[in-house]
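Each remark here refers to the structure printed beneath this line.
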Amino acid sequence: MALAPSADGVLTATGLSYLAHCPHAPLRFVRSGFAQPALGEAFLEVPVIEGLARRVYRGFAARLREGCPRVRGGRCQRGCPSACARRVYTIAAADDEAMPEALHAFLVGGFDHGREVRSLAARDPRIAQAEAFHTLAVNESEKARQFVRFSELSTGAFFALYTPKANVLPLVAGHFARRMEGERFLLADPKHRTAVLLSEGRLVCGPLSEDEVAELSRPHELSGVERSVRALWKRFYDALALPGRGKLERGYDLRANFMPKRIAEGLVELDPSVDDGWSEGAWAEAMEDGEAEAEGRARKPHARPVSREDATQNGAPGFAGSAVAGWLGGAGS
């Protein structure tokens, strides 16, 4: 089956194969566009059917809850550390071409063996690969929560570009919605063409077009508060670099060992453009402008806080193309 490289795509194909009474062994799941049939094979393009995908996911979650000591009243507890069923979405975040087949094996193993599906990794390489995809997505989600840097634009909205190794923005959307409650922000991933938008208390997540990626990647005008905060942070960071000390003595070795280069390159304190024009007078002027802008903004009412239903751990509903276009129209320089 050729299908969309997403959790809903694999869930839909799994549901259709079950309804068609197809045995598991002859089936092969591949991404649409990567299907290369072998001798005697034929591929079927499977569209995403949201209702069927939700039904399969609910059945899968119910199967994994059977016999789980953490279940209370037939339901998983909020914040359960095992998060068994949510592995469907973390596995699907992987970019690897083998993801659909690995996730399909994980779903079939879960329906057949319940909570013991993870123990099958020792003898089923596809489930072992699914566990590896899950670990990658969890690690990338944690990096996103730690290293995403929002910048305040002249419009008062917050904006950030971040390029993870897996499509994890939908997985961390709820974290940033709760962290920035009452604000308006857009977090975009140009590699996976995905964006998370919080506006007027509503959290949405959806795909980006090539034109939108190009528009978001261009420079945007920063607010006075943002410029002053950047200047203050850069001044503090430079003050820690004591003259006469080598790189290892200044702590740069810690950053090199514990922070990926692809993330470090986007940090404000390492951006050489921040140094341009930041003389003593320019720094003091930026601080004064930022303080005046912050005082004026404090008198304005905040946006409606995002609800717990909107800020879910597994992401958010998709947005229409006009939502990003409208945000770009108000956030440009």
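The values are calculated or read from the model by the stated rules, or taken from the named source; none is laboratory data. Remember, predicted model here, so these are calculated numbers, not experimental data. So basically every Cβ, Gly included, is an ideal-geometry build from the backbone, and we count neighbours across all protein chains shown.
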Considering each of V48, V148, V108, V138 in turn, give the residue that is farther than 16 Å from A166 by Cβ and without any contact (Cβ under 8 Å) to a residue 60 or more places away in the chain. V48
If the requirement is being in contact with a helix residue (DSSP H, G or I) (Cβ under 6 Å, 6 or more places away or on another chain) and under 30 Å from F60 (Cα atoms), which of these qualifies: A130, A157? A130
Look through the stretch 74-96, keep the residues that are modelled with pLDDT under 90 and aliphatic (A, V, I, L, M), and return whichever of them is nearest to R63 (Cα to Cα). A85
Look through A128, A144, A121, A94 and report the one residue that is in a helix (DSSP H, G or I) and either within 22 Å of the chain's Cα centre (by Cα) or buried (at least 20 other Cβ atoms within 10 Å of the Cβ) (or both). A144
Flag if A231 is more than 28 Å from A7 (Cβ to Cβ), modelled with pLDDT under 85 and hydrophobic (A, V, I, L, M, F, W, C): yes
What about A38, is it surrounded by fewer than 15 Cβ atoms within 10 Å (Cβ to Cβ), at pLDDT below 85 and among the aliphatic types (A, V, I, L, M)? yes
Cβ contacts < 9 Å: first residue closer than 22 Å to F185 by Cβ, restricted to the stretch 220-238; second residue assigned to a helix (DSSP H, G or I) and modelled with pLDDT of 80 or more, any location; separation 6+ or different chain. Result? L222/R230
Output the residue which, of all residues in the stretch 41-73 that are modelled with pLDDT of 85 or more and among the small types (G, A, S), is surrounded by the fewest Cβ atoms within 10 Å (Cβ to Cβ). G51
Would you tally the residues in the stretch 97-118 being closer than 15 Å to A62 by Cα and basic (K, R)? 1
